[in-house]
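A.B. asks: Let me begin by handing over the structure; questions about it come next.
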Amino acid sequence: MSDDRSERNLLKLEKAISYLLISGVVVSLILEVLGIALYYHTYGRLAFSESKTVLIQGTNYFTFFLNLFHTESTGGKGIYLMTLGIAILILTPYLRVVLSVVYFARDRNIKYVLITLFVLILLTLSLTIT
Amino acid sequence: MLDMLSLLLIALPVGFLGALTGLGGASILVPLLVTLGVPVKEAIASGMVTIIATSSGAASSTVREGIANVKVAMYLELFTTVGAIVGATITTQIAPVYLYFFFAFFLMTSFLKFHGSKAKDPALSENQDSLSRWLELHGSYYDGFFQRNVEYRVTHALPGGLGMFIAGLAAGMLGIGAGAFKVTVQESILKLPPKVASTTSNFIIGMTALAGTSIYFASGLLNLTLMGPLAVGTTLGAVIGGRILNRLGNRTLRLLFFVIILFLIIQMLYKGVRSL
């Protein structure tokens, strides 16, 4: 029956979410560690800084993410890797919502498509408008 | 002077203690950073990003094991994400002095966590309201302590959701997970079994933190030299803390918890009064 199918689909979703979350976190933390090491290699120090190059500002998340792949970083490779790590970390829960919408749509569970879609639209707007 | 290595080393025991006490990393981290001289708003914004890592890392296993309830989480995220966006917007607008007092006040709600989370056999609730039933909010998991499958049904989905809006608001405003508050709402209003409540709360925290982060993103408060080492340190600490959690006695944990919270409340009040 369809209940059985939904149950199996939910298990698949749980598995997919689990892999997505752990991959996102591991990749971003590795990038942070490499970034910090390279930062030290470039600047010879690890001081907490308030300079413009270490502050993310003035752009929305999606533009920022795309720019990472075709503009040169101003602060050197270390800062670039740290930025990329944070960008991937932020993307992880976002992709988790996208994944959920897709799974519930395949399951034809309209209620949960609407619930997850609402969260997805809200986050997309909030990451775009600011 | 603060540097990234010392931030990482500070974050390690913070993540460790956060996992041990169930308090999460950021509610310890943010006041600690403030004490060390980091501007309060930057500490809050970085705390928010940091908990995406700790929450996602921990949720990865509890979701796969079927303890955290994905549907309950997604329903409640409707409320926490809206709350976090409103909360974070408030923080970017108001004077920092209020944040110290809000933080101290909210830390006090952490004491709620120790009410009603005794290890009693969770009973299946009889009356499920129509909204909770319509939303398919029920589930089951295998409880290692009672060595059996525990079935449960969620009740009071609407008031529970409103409680989660408040949790999201506080989380977004203060850059924390507000885990203790979330767990209390889930146990006492939604009637989730304690293990499902704490793991589902942790799962939701990642999404709430993303909503808060989305506001902080363009505000110029996200500092790479803070976020990087903090995310690495707290997550590693939390992994180690989660592993030894079962070996520590309840009394030791409780004492540790009270001492830490009390210290942080005093710190934030002191900072607040000094900046008046």
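The values are calculated or read from the model by the stated rules, or taken from the named source; none is laboratory data. Since the model is a prediction, treat every value here as computed from it, not as a measurement. Glycine gets a Cβ as well: all are built from the backbone with ideal geometry, and neighbour counts include every protein chain shown. Accessible surface is based on the protein model in full, side chains and every heavy atom, while ligands, DNA and RNA are left aside. Shrake-Rupley method; radii C 1.70, N 1.55, O 1.52, S 1.80 Å.
A.B. asks: Nearest 10 degrees, 0 to 90: what angle lies between the long axis of helix A:61-70 and the longest principal axis of chain A (Cα atoms)?
C.D. replies: Tilt of helix A:61-70: around 60 degrees.
A.B. asks: Net charge near A:Ile110, counting Lys/Arg +1 and Asp/Glu -1 over other residues with Cβ under 14 Å of its Cβ?
C.D. replies: +2
A.B. asks: With Cβ to Cβ distances under 13 Å as the rule, what net charge do the other residues near B:Ser130 carry (K, R +1; D, E -1)?
C.D. replies: In short, 0.
A.B. asks: While we're here: Expressed in whole Å with the largest first, what are the equivalent ellipsoid semi-axes of chain A derived from the C-alpha gyration tensor as the square root of 5 times each eigenvalue? Write out the running numbers ahead of the final one.
C.D. replies: Working: eigenvalues 273, 60, 17 Å².
With the √(5λ) rule applied to chain A, the semi-axes are 37, 17, 9 Å.
A.B. asks: When all C-alpha to C-alpha distances in the range A:1-56 are sorted into bins of 5 Å, what percent of pairs does each bin hold, rounded to whole numbers?
C.D. replies: Bins of 5 Å from zero give 4, 15, 12, 15, 10, 8, 8, 7, 7, 6, 5, 2, 1 percent of pairs.
A.B. asks: Under DSSP H, which helices of chain B have Cα atoms covering 20 Å or more of the helix axis and a Kyte-Doolittle average no less than -0.5? Walk me through the numbers on the way to the answer.
C.D. replies: Numbers: long enough: B:4-21 (25 Å, 2.21); B:40-64 (36 Å, 0.73); B:70-93 (34 Å, 1.12); B:157-174 (25 Å, 1.66); B:194-216 (32 Å, 0.67); B:224-244 (30 Å, 1.33); B:250-274 (36 Å, 1.31).
Helices meeting the span and hydropathy rule in chain B are B:4-21, B:40-64, B:70-93, B:157-174, B:194-216, B:224-244, B:250-274.
A.B. asks: Return the calculated 222 nm mean residue ellipticity for the protein assembly as shown, to the nearest 500 deg cm²/dmol, obtained by summing -39500 (n - 2.57) across DSSP H runs with n ≥ 4 and dividing by the residue count. Don't skip to the end; give the middle numbers.
C.D. replies: Values: 15 runs with 294 residues, N = 406.
After summing the helix terms and dividing by the residues of the protein assembly as shown, the value is -25000 deg cm²/dmol.
A.B. asks: With +1 assigned to the C-beta of every Lys and Arg and -1 to the C-beta of every Asp and Glu, and no other charges, what is the dipole magnitude of the protein assembly as shown about the Cα centre in debye, to the nearest 20?
C.D. replies: 440
A.B. asks: Further question on the same structure: So what are the radius of gyration and Dmax for the Cα set of the range B:4-275, in Å?
C.D. replies: Values for the range B:4-275 (Cα only, Rg and Dmax): 17.7, 54 Å.
A.B. asks: Grab the eigenvalues of the alpha-carbon gyration tensor for the protein assembly as shown, scale each by 5, take roots, and send me the semi-axes largest first in whole angstrom.
C.D. replies: Details: eigenvalues 214, 121, 76 Å².
In descending order, the three semi-axes are 33, 25, 19 Å.
A.B. asks: May I have the convex hull volume per residue, in Å³, for the Cα set of the range A:34-110? Don't skip to the answer; put the middle values down first.
C.D. replies: Numbers: hull volume 8.9 nm³, N = 77.
For the range A:34-110, the hull spanned by Cα atoms encloses 116 Å³ per residue.
A.B. asks: Please work out whether the range B:143-276 counts as rounded, prolate or oblate from its C-alpha gyration tensor, where a ≥ b ≥ c are the square roots of the eigenvalues and a/c under 1.5 means rounded, while otherwise a/b larger than b/c means prolate and anything else oblate?
C.D. replies: prolate
A.B. asks: So what's the gap between the Cα centers of the range B:183-197 and the range B:44-109, to the nearest angstrom?
C.D. replies: Comparing the Cα centres of the range B:183-197 and the range B:44-109, I get a distance of 17 Å.
A.B. asks: While we're here: Hey, can you grab everything whose amide H is under 5 Å from the amide H of A:Ala47? Only 5+ residues off in sequence or another chain; H modelled, so Pro and N-termini drop out.
C.D. replies: Residues meeting the criterion, in which the H sits 1.01 Å from N, are B:Met4.
A.B. asks: Let me ask you something else. Amide H to amide H under 5 Å from B:Ala68: which residues, 5+ apart in sequence or cross-chain, H placed 1.01 Å off N in plane?
C.D. replies: B:Val63
A.B. asks: Can I ask one more? Can you count the Lys pairs in the range B:4-275 whose Cα atoms are under 28 Å apart, with each pair 8 or more apart or on different chains?
C.D. replies: Eligible lysine pairs with Cα atoms under 28 Å apart amount to 22.
A.B. asks: Still on this structure: From the alpha carbon gyration tensor of the range B:17-94, can you work out the equivalent ellipsoid semi-axes (sqrt of 5 times each eigenvalue) and give them in Å, largest to smallest?
C.D. replies: Over the Cα atoms of the range B:17-94, the ellipsoid semi-axes are 26, 18, 8 Å.
A.B. asks: Let me ask something else. Based on Cβ point charges of +1 for Lys and Arg and -1 for Asp and Glu, what charge dipole magnitude is obtained for the range A:22-130 about its Cα centre, in debye rounded to the nearest 20?
C.D. replies: 260
A.B. asks: Computing the accessible area with a 1.4 Å probe over protein heavy atoms, can you report the carbon and sulfur percentage for chain B?
C.D. replies: Result for chain B: 66 percent of the exposed heavy-atom area is carbon or sulfur.
A.B. asks: Shifting gears a bit: Using protein heavy atoms only (no ligands, DNA or RNA), what is the total accessible area buried between A and B, 1.4 Å probe, nearest 100 Å²?
C.D. replies: The contact between B and A buries close to 4800 Å².
A.B. asks: Which listed residue (B:Ile67, A:Leu89, B:Thr213) has the Cα farthest towards the positive end of the charge dipole for the protein assembly as shown, taking +1 on Lys and Arg C-beta and -1 on Asp and Glu C-beta about the Cα centre?
C.D. replies: Result: B:Ile67, furthest along the dipole toward the positive end.
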